[in-house]
1. Within the bounds of region 148-162, is there any residue that is open to solvent by 30 Å² or more (accessible area, probe 1.4 Å) and under 17 Å from Glu60 (Cα atoms)?
2. Filter region 34-63 for residues that are open to solvent by less than 70 Å² (accessible area, probe 1.4 Å) and out of contact with any helix residue (DSSP H, G or I) (no Cβ under 9 Å at 6 or more places or on another chain); which is modelled with the lowest pLDDT?
3. In region 163-174, which residues are in contact with a Phe, Trp or Tyr (Cβ under 7 Å, 6 or more places away or on another chain) and buried (at least 16 other Cβ atoms within 10 Å of the Cβ)?
4. Check region 169-177 and report whether any residue there is outside any loop (DSSP other than H, G, I, E, B), farther than 22 Å from Thr112 by Cβ and of a type in the set (Ser, Thr, Tyr).
5. I'd like the residue in region 180-198 that is among the hydroxyl-bearing types (Ser, Thr, Tyr) and buried (at least 16 other Cβ atoms within 10 Å of the Cβ) and, out of all such residues, is nearest to Tyr58 (Cα to Cα).
6. Keeping to region 103-115, report how many residues are in a strand (DSSP E or B), over 14 Å from the mean Cα position of the chain (by Cα) and either over 18 Å from Arg53 (Cα atoms) or of a type in the set (S, T, N, Q) (or both).
Amino acid sequence: MKRILSLAALLCAGILMLTSCGTSTKVVSSWKSSGASVSTLDKVLVLAMMSDREAKDYIEQTMVSGLTARGVTAVTGTSEFGPRGFGSMDQDQVNAKLTGEGFTSIMIICLTAKDKDLNYVPGSAYYSPYGPVYYGYYGRYRYMYDNIYSPGYYTTSTTYVLDADLYSLPDDKLIYSAQTRSYDPSNSKDLAQSFSAEIISALQSNGLL
(Lines give C-alpha, C1' and ligand atoms only; values in the text may rest on other atoms or scores of the structure.)
Protein backbone atom coordinates (compact mmCIF):
# COMPACT_ATOMS: atom_id res chain seq x y z
CA MET A 1 0.00 0.00 0.00
CA LYS A 2 2.78 2.38 0.96
CA ARG A 3 4.55 1.75 -2.34
CA ILE A 4 1.35 2.47 -4.27
CA LEU A 5 0.82 5.75 -2.44
CA SER A 6 4.44 6.76 -2.86
CA LEU A 7 4.21 6.07 -6.58
CA ALA A 8 1.06 8.16 -6.81
CA ALA A 9 2.78 11.03 -5.02
CA LEU A 10 5.73 10.84 -7.38
CA LEU A 11 3.45 10.86 -10.41
CA CYS A 12 1.62 13.91 -9.11
CA ALA A 13 4.91 15.70 -8.47
CA GLY A 14 6.10 14.81 -11.95
CA ILE A 15 2.95 16.24 -13.52
CA LEU A 16 3.37 19.47 -11.57
CA MET A 17 6.99 19.76 -12.69
CA LEU A 18 6.04 19.22 -16.32
CA THR A 19 3.27 21.79 -16.24
CA SER A 20 5.35 24.42 -14.43
CA CYS A 21 8.55 24.24 -16.49
CA GLY A 22 9.47 26.95 -18.96
CA THR A 23 9.45 30.69 -18.60
CA SER A 24 6.18 32.59 -18.69
CA THR A 25 6.68 36.12 -20.11
CA LYS A 26 3.80 38.53 -20.62
CA VAL A 27 3.51 42.14 -21.72
CA VAL A 28 1.79 43.78 -18.76
CA SER A 29 1.57 47.31 -20.18
CA SER A 30 2.32 49.00 -23.51
CA TRP A 31 1.95 52.24 -25.44
CA LYS A 32 2.16 53.08 -29.15
CA SER A 33 2.53 56.47 -30.78
CA SER A 34 -0.07 57.39 -33.38
CA GLY A 35 2.80 58.25 -35.74
CA ALA A 36 4.51 54.86 -35.50
CA SER A 37 4.96 52.92 -38.74
CA VAL A 38 6.74 49.90 -40.17
CA SER A 39 9.39 52.14 -41.79
CA THR A 40 10.63 53.10 -38.33
CA LEU A 41 12.16 49.64 -38.05
CA ASP A 42 14.12 49.72 -41.31
CA LYS A 43 17.35 49.55 -39.31
CA VAL A 44 17.28 49.26 -35.54
CA LEU A 45 19.97 49.25 -32.87
CA VAL A 46 19.11 46.95 -29.94
CA LEU A 47 20.78 48.08 -26.72
CA ALA A 48 20.18 46.18 -23.46
CA MET A 49 21.05 47.68 -20.07
CA MET A 50 21.73 44.99 -17.48
CA SER A 51 24.53 44.43 -14.97
CA ASP A 52 24.64 40.73 -15.91
CA ARG A 53 26.81 40.71 -19.04
CA GLU A 54 25.67 37.26 -20.14
CA ALA A 55 21.99 38.18 -19.89
CA LYS A 56 22.63 41.48 -21.69
CA ASP A 57 24.37 39.72 -24.60
CA TYR A 58 21.71 37.02 -24.87
CA ILE A 59 18.87 39.55 -24.96
CA GLU A 60 20.55 41.73 -27.58
CA GLN A 61 21.50 38.77 -29.76
CA THR A 62 18.13 37.03 -29.46
CA MET A 63 16.18 40.21 -30.23
CA VAL A 64 18.41 40.97 -33.22
CA SER A 65 17.99 37.41 -34.52
CA GLY A 66 14.21 37.60 -34.19
CA LEU A 67 14.00 40.96 -35.97
CA THR A 68 16.39 39.84 -38.71
CA ALA A 69 14.25 36.76 -39.35
CA ARG A 70 11.35 39.15 -40.05
CA GLY A 71 13.24 41.23 -42.59
CA VAL A 72 14.51 43.99 -40.31
CA THR A 73 18.12 45.08 -40.36
CA ALA A 74 19.07 44.89 -36.68
CA VAL A 75 22.40 45.32 -34.87
CA THR A 76 23.37 44.75 -31.23
CA GLY A 77 24.40 47.73 -29.17
CA THR A 78 27.45 45.83 -27.94
CA SER A 79 28.81 45.37 -31.47
CA GLU A 80 28.44 49.11 -32.16
CA PHE A 81 29.39 50.68 -28.82
CA GLY A 82 31.02 47.94 -26.75
CA PRO A 83 29.73 46.25 -23.58
CA ARG A 84 29.21 49.54 -21.68
CA GLY A 85 27.19 51.20 -24.42
CA PHE A 86 27.64 54.89 -25.17
CA GLY A 87 28.01 56.06 -21.56
CA SER A 88 31.24 57.93 -22.36
CA MET A 89 29.75 59.78 -25.37
CA ASP A 90 27.53 62.86 -25.47
CA GLN A 91 24.24 62.85 -27.36
CA ASP A 92 25.58 64.70 -30.39
CA GLN A 93 28.33 62.10 -30.83
CA VAL A 94 25.84 59.23 -30.51
CA ASN A 95 23.39 60.86 -32.93
CA ALA A 96 26.14 61.44 -35.48
CA LYS A 97 27.21 57.81 -35.33
CA LEU A 98 23.68 56.38 -35.52
CA THR A 99 22.42 58.59 -38.33
CA GLY A 100 25.72 58.27 -40.18
CA GLU A 101 25.27 54.49 -40.24
CA GLY A 102 21.67 54.70 -41.36
CA PHE A 103 19.82 53.66 -38.19
CA THR A 104 16.14 54.60 -38.22
CA SER A 105 15.42 53.56 -34.63
CA ILE A 106 16.95 52.41 -31.36
CA MET A 107 15.44 49.97 -28.87
CA ILE A 108 16.52 50.42 -25.26
CA ILE A 109 15.88 47.35 -23.07
CA CYS A 110 16.23 47.83 -19.31
CA LEU A 111 15.96 45.43 -16.39
CA THR A 112 13.90 47.53 -13.96
CA ALA A 113 13.18 44.93 -11.24
CA LYS A 114 14.21 41.47 -10.11
CA ASP A 115 12.07 40.04 -7.33
CA LYS A 116 12.61 36.78 -5.47
CA ASP A 117 9.81 34.98 -3.64
CA LEU A 118 10.05 32.10 -1.16
CA ASN A 119 7.16 29.66 -1.60
CA TYR A 120 6.12 26.79 0.67
CA VAL A 121 4.93 23.62 -1.04
CA PRO A 122 2.95 21.39 1.36
CA GLY A 123 3.52 17.66 1.59
CA SER A 124 1.95 15.50 -1.08
CA ALA A 125 -1.58 14.29 -0.53
CA TYR A 126 -3.47 11.59 -2.37
CA TYR A 127 -7.07 10.64 -1.68
CA SER A 128 -9.08 7.56 -2.59
CA PRO A 129 -12.38 6.94 -0.77
CA TYR A 130 -12.19 3.16 -1.03
CA GLY A 131 -8.57 2.01 -0.99
CA PRO A 132 -7.82 2.05 2.78
CA VAL A 133 -11.02 0.18 3.66
CA TYR A 134 -9.62 -3.08 2.29
CA TYR A 135 -6.41 -3.01 4.34
CA GLY A 136 -7.68 -2.98 7.92
CA TYR A 137 -6.76 -0.55 10.70
CA TYR A 138 -3.02 -0.56 9.95
CA GLY A 139 -3.60 0.09 6.25
CA ARG A 140 -5.89 2.95 7.21
CA TYR A 141 -3.33 4.33 9.66
CA ARG A 142 -0.45 4.08 7.19
CA TYR A 143 -2.55 5.68 4.45
CA MET A 144 -3.38 8.69 6.59
CA TYR A 145 0.11 8.85 8.10
CA ASP A 146 1.69 9.23 4.67
CA ASN A 147 -0.82 11.93 3.75
CA ILE A 148 -0.64 13.92 6.97
CA TYR A 149 3.05 13.70 7.83
CA SER A 150 4.62 13.87 4.37
CA PRO A 151 7.05 16.80 4.71
CA GLY A 152 6.67 19.98 2.68
CA TYR A 153 9.50 22.02 1.22
CA TYR A 154 10.41 25.54 0.09
CA THR A 155 11.09 26.75 -3.43
CA THR A 156 12.42 30.10 -4.66
CA SER A 157 10.98 31.81 -7.72
CA THR A 158 12.30 34.91 -9.49
CA THR A 159 10.35 37.48 -11.47
CA TYR A 160 12.12 39.78 -13.93
CA VAL A 161 10.56 43.07 -15.03
CA LEU A 162 11.98 44.40 -18.30
CA ASP A 163 11.08 47.52 -20.27
CA ALA A 164 11.52 47.85 -24.03
CA ASP A 165 11.39 51.41 -25.42
CA LEU A 166 11.61 52.05 -29.16
CA TYR A 167 12.71 55.51 -30.37
CA SER A 168 12.67 56.79 -33.94
CA LEU A 169 15.75 58.46 -35.41
CA PRO A 170 16.92 61.13 -36.02
CA ASP A 171 13.97 62.92 -34.33
CA ASP A 172 14.46 60.96 -31.07
CA LYS A 173 10.75 60.33 -30.44
CA LEU A 174 9.34 57.44 -28.38
CA ILE A 175 7.09 55.44 -30.69
CA TYR A 176 6.51 52.24 -28.72
CA SER A 177 6.99 51.16 -25.11
CA ALA A 178 6.24 47.88 -23.37
CA GLN A 179 6.85 46.40 -19.94
CA THR A 180 7.09 42.64 -19.46
CA ARG A 181 7.19 40.24 -16.53
CA SER A 182 9.12 36.99 -16.86
CA TYR A 183 8.40 34.35 -14.23
CA ASP A 184 11.19 32.08 -13.02
CA PRO A 185 13.47 31.66 -16.07
CA SER A 186 15.87 28.73 -15.77
CA ASN A 187 18.82 30.74 -17.12
CA SER A 188 19.77 33.89 -19.05
CA LYS A 189 19.13 32.26 -22.43
CA ASP A 190 15.64 31.18 -21.36
CA LEU A 191 14.87 34.75 -20.21
CA ALA A 192 16.19 36.25 -23.46
CA GLN A 193 14.24 33.90 -25.72
CA SER A 194 10.98 34.31 -23.85
CA PHE A 195 11.28 38.11 -23.62
CA SER A 196 12.30 38.59 -27.25
CA ALA A 197 9.50 36.37 -28.56
CA GLU A 198 6.92 38.32 -26.56
CA ILE A 199 8.18 41.74 -27.67
CA ILE A 200 8.39 40.73 -31.33
CA SER A 201 4.85 39.34 -31.13
CA ALA A 202 3.69 42.65 -29.59
CA LEU A 203 5.42 44.64 -32.34
CA GLN A 204 3.67 42.51 -34.97
CA SER A 205 0.25 42.91 -33.36
CA ASN A 206 0.81 46.69 -33.25
CA GLY A 207 1.61 46.84 -36.96
CA LEU A 208 5.29 47.68 -36.53
CA LEU A 209 6.58 44.47 -38.15
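The values are calculated or read from the model by the stated rules, or taken from the named source; none is laboratory data. Note that the structure is predicted; figures quoted are calculated from it, not measured. Cβ placement follows ideal geometry from the backbone for every residue including glycine, while neighbour counts extend to all protein chains displayed. With ligands, DNA and RNA removed, areas are computed over all heavy atoms of the protein, side chains included. Shrake-Rupley method; radii C 1.70, N 1.55, O 1.52, S 1.80 Å.
1. Yes, the conditions are met somewhere in region 148-162.
2. It comes out as Gly35.
3. Let us first name the residues in region 163-174 that are in contact with a Phe, Trp or Tyr (Cβ under 7 Å, 6 or more places away or on another chain), namely 166, 169, 173-174.
Selection gives Leu166, Leu169.
4. First, the residues of region 169-177 that are outside any loop (DSSP other than H, G, I, E, B): 173-177.
Next, from what is left, pick out any that are farther than 22 Å from Thr112 by Cβ: none.
Scanning region 169-177, I find no residue that is outside any loop (DSSP other than H, G, I, E, B), farther than 22 Å from Thr112 by Cβ and of a type in the set (Ser, Thr, Tyr), so the answer is no.
5. Residues of region 180-198 among the hydroxyl-bearing types (Ser, Thr, Tyr): 180, 182-183, 186, 188, 194, 196.
Still in the list and also buried (at least 16 other Cβ atoms within 10 Å of the Cβ): 180, 182-183, 188, 194, 196.
Details: Thr180: 17, Ser182: 15, Tyr183: 17, Ser188: 7, Ser194: 11, Ser196: 10 Å.
Only one residue fits best here, namely Ser188.
6. Start the filter on region 103-115 by keeping residues that are in a strand (DSSP E or B), which leaves 105-115.
Now drop any that are not over 14 Å from the mean Cα position of the chain (by Cα), which leaves 105-108.
When the remaining residues are screened for being either over 18 Å from Arg53 (Cα atoms) or of a type in the set (S, T, N, Q) (or both), the result is 105-106.
Looking only at that region, the number is 2.
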